[in-house]
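Report on the following structure.
The values are calculated or read from the model by the stated rules, or taken from the named source; none is laboratory data. This is a predicted model, so every value here is computed, not measured. Glycine gets a Cβ as well: all are built from the backbone with ideal geometry, and neighbour counts include every protein chain shown. When the accessible area is computed, the model is the full protein with side chains, heavy atoms only, and any ligands, DNA or RNA have been set aside. Shrake-Rupley method; radii C 1.70, N 1.55, O 1.52, S 1.80 Å.
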Amino acid sequence: MPVNRKTSPLSRRSLLRALGGGAALGGLAGCGVPAAYVGPGDRAGADLSATDKRLTWANWPLYIDTDDKDTTRRPTLEAFEKRTGISVDYIEEINDNDEFFGKISPSLMNHQRTGRDLITISDWMCARFVRLGWVQEMDRANQPNVTKYLDPLLSSPAFDPGRTSSVPWQSGITGIAYNRRKVGREIKHVSDLWADDLKGRVTLLSGLDEAFALLMQANGVDIRRWKADDFHQVCDQVEKRVRGGQIRRFTGNDYIKDLAGGDVLACQAYSGDVIQLQADDPDIRFVVPEEGAELWAESLMIPNLARHKANAEKLIDYYYEPEVAAELAAWVNYVCPVPAARDVLASSKDKDTAALAEAPLIFPDATLRRRLAIARDITSTERTEFAKRWNAIAGL
């Protein structure tokens, strides 16, 4: 089983630091700073792809397949380089969305190159880049696999209708993880977290962007169209649970240790983590509540003035070949954005690999898919107010 990058000290989904760098940067788009927004006519740079066969790709740590015997080798990436003659400078430099935003925002807001042709960031951060005009639209004529194989559930988020400026790298579900043996029953609803016998043994995610959607869905809210009142209702409810001692604490990725160690019996969690935890403890379960859960993605984007846009588009399309997507999915164990990769895995002669085709947290079945939705993003005008309230509750 591959190492999941969320189990490392490096966070996968950023914890929003609204009163730190995140809030200051997050407010940028809402302040109407003239230098921040880049108009459509100023986003493209001279593309050297035809004569300069290379590109630079910034990604998160442990988010691509590696060779079991030599972790410095990345089989799918090496195969792309061999096939196309394009050399890829692959940099594992993204440890936090806000931190990365701060690193490259000075260049983008000042109409300068970032030195990167491709970046991978969470969709809520992608929304910020789209609003600021910091990424280029992709030429789908160069991406037939994306057009053909992209999961319809992920094909048109509110921040990027039609996915003209972003393409999902990997996806996942924010739901509930729990220890079936210790809880002694199934958990099917968010409201089950508030049972008396779970008092002080429940955790929620601390990041605003990570936590709110699932809690809204418990109230019957369509998270594709949620309103400010829906958010404040959730905050009122969570504040009550905190005061009553039901919620032990708010966590980042450290909920994994709490759940595995037994200090916590049920928690808000990411689907990719549970696949890893189940390898050591089959009593750990992941549930998509009957009211629904959030489907999220971390997506590939081409920043303004990238020198190798066409090369980047070719790399993106390569990873949407079902065979390549299957090889990647077998390693990272997230929800695969290429449903056709399921048949590739199912045909494997290796039993463990073939079994992944039936894993609902990699390839959600039709019943599960009906309960998944992509939340509309928090707008720049909402973020300061919402983050201030949420962070006060979560103790950030």
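Taking the alpha-carbon distance from Lys182 and a cut-off under 26 Å, which lysines remain once sequence neighbours fewer than 8 residues away in the same chain are dropped?
By straight Cα distance, Lys182 reaches Lys6, Lys199, Lys240, Lys257.
Between Asp236 and Ala195, what FRET efficiency comes out of the Förster formula 1/(1 + (r/R0)^6) with R0 = 30 Å and r the beta carbon distance, rounded to 0.05? Don't skip to the answer; put the middle values down first.
Values: r = 20 Å, r/R0 = 0.66.
The pair Ala195/Asp236 has a calculated efficiency of 0.90.
Please work out which option in (i) 28, 59, 13, 0; (ii) 24, 44, 25, 6, 0; (iii) 26, 54, 20, 0 gives P(r) over Cα pairs in 20 Å bins from 0, in percent calculated from these coordinates, and answer with its label.
Read-out taken from this structure: (i).
Under a crude label model (7 Å from the Cα following the beta-carbon direction), how far is Asp281 from Asp42 in nanometres?
5.3
At 0.36 nm per residue, minus the direct Cα-Cα distance, what do Ala79 and Glu99 gain on full extension? Give it in nm, one decimal, please.
Values: separation 20, 0.36 × 20 = 7.20 nm, distance 3.11 nm.
Contour length minus the Cα-Cα distance gives 4.1 nm.
Could you compute how much accessible surface Cys336 exposes when probed at 1.4 Å, giving the result in Å² to the nearest 10?
10
Taking a temperature of 4 °C and a viscosity of 1.567 mPa s, what whole-number D in µm²/s does Stokes-Einstein yield for the stretch 206-281 with Rh from Kirkwood over alpha carbon pairs?
94
Where a ≥ b ≥ c are the square roots of the eigenvalues of the C-alpha gyration tensor, would you call the stretch 41-200 rounded, which needs a/c under 1.5, or, failing that, prolate if a/b is larger than b/c, or oblate? Display every interim value, and only then the final one.
Numbers: a/c = 2.09, a/b = 1.67, b/c = 1.25.
Prolate, because a/c is 1.5 or more and a/b exceeds b/c.
Run lengths n ≥ 4 of DSSP H only: what is the helix-derived mean residue ellipticity at 222 nm for the chain, with -39500 (n - 2.57) per run over all residues, to the nearest 500?
On the way: 16 runs with 143 residues, N = 396.
-10000 deg cm²/dmol, from helical runs alone.
Report the calculated FRET efficiency for Asp352 and Arg113 (r = Cβ-Cβ distance, R0 = 45 Å), to the nearest 0.05. Could you put the intermediate results ahead of the total?
Details: r = 44 Å, r/R0 = 0.97.
Efficiency computed from Cβ-Cβ geometry: 0.55.
Pop the C-beta distance of Asp70 and Thr379 into the FRET formula with R0 = 41 Å and round what comes out to the nearest 0.05. Mind showing how you got there, number by number?
On the way: r = 45 Å, r/R0 = 1.10.
Once the sixth-power term is evaluated, E becomes 0.35.
Need the list of lysines near Lys351 for cross-linking: C-alpha distance under 22 angstrom, and skip anything on the same chain fewer than eight residues off.
Excluding near neighbours in sequence, the set is Lys69.
Over the stretch 103-191, average the accessible area per residue using a 1.4 Å probe and give it in Å², no decimals.
Numbers: 3230 Å² over 89 residues.
Spelled out: the 1.4 Å probe surface of the stretch 103-191, per residue, equals 36 Å².
For a test of the definition: using alpha carbon positions, the gyration tensor, and the 1.5 limit on a/c, classify the stretch 127-223 as rounded, prolate or oblate. Let's see the in-between values first.
Values: a/c = 3.31, a/b = 2.37, b/c = 1.40.
Prolate is the answer for the stretch 127-223, as a/c is 1.5 or above and a/b outweighs b/c.
Could you give the length gained on full extension between Lys257 and Ala158, defined as 0.36 nm per residue of separation minus the Cα-Cα distance, in nm?
Values: separation 99, 0.36 × 99 = 35.64 nm, distance 3.41 nm.
Length gained, Lys257 through Ala158: 32.2 nm.
If each of Arg140 and Tyr90 carries a label point 7 Å out from its Cα toward its Cβ, how far apart are those two points in nm?
2.8
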